[in-house]
Amino acid sequence: MTERFTESTVESAALAWLESAGWGIAHGPEIAPGEPAAERDDYGQVVLHRRLRDTLARQLYELGPEAVTLAAYLLSRCQ
């Protein structure tokens, strides 16, 4: 019998891969709107802007804060 891929299979594999690459993993209910550790005002906000800016700042530190601001703006406009 062939095993089927489900959304949860793909999600678990992606999260494991990202965590092994050094990314921090947070569970949705912990960062959901209205929670103490909320990272967005509502579920319509797809991009977690603070996380995006923090990551870009680490990756683009040599280019300075203006480059980080521009990159964050351009990436968030791609949604």
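The values are calculated or read from the model by the stated rules, or taken from the named source; none is laboratory data. As the structure is a computational prediction, the values presented were derived from the model and not from experiment. Note: ideal-geometry Cβ built from the backbone for every residue, glycine included; neighbour counts use all protein chains shown.
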message: Take the conditions closer than 27 Å to GLN59 by Cα, aliphatic (A, V, I, L, M), more than 14 Å from the chain's Cα centre (by Cα) and at pLDDT 90 or above and apply them to ALA32. Does it pass?
response: no
- prompt: Among helices (runs of 4 or more DSSP H) lying entirely in the chain, which contain 1 or more residues that are among the hydroxyl-bearing types (Ser, Thr, Tyr), surrounded by 11 or more Cβ atoms within 10 Å (Cβ to Cβ) and without any contact (Cβ under 8 Å) to a residue 24 or more places away in the chain?
  reply: 7-20, 49-59, 65-76
- request: Assess whether ALA14 counts as being at pLDDT 90 or above and either among the small types (Gly, Ala, Ser) or in contact with a Cys (Cβ under 6 Å, 6 or more places away or on another chain) (or both).
  value: yes
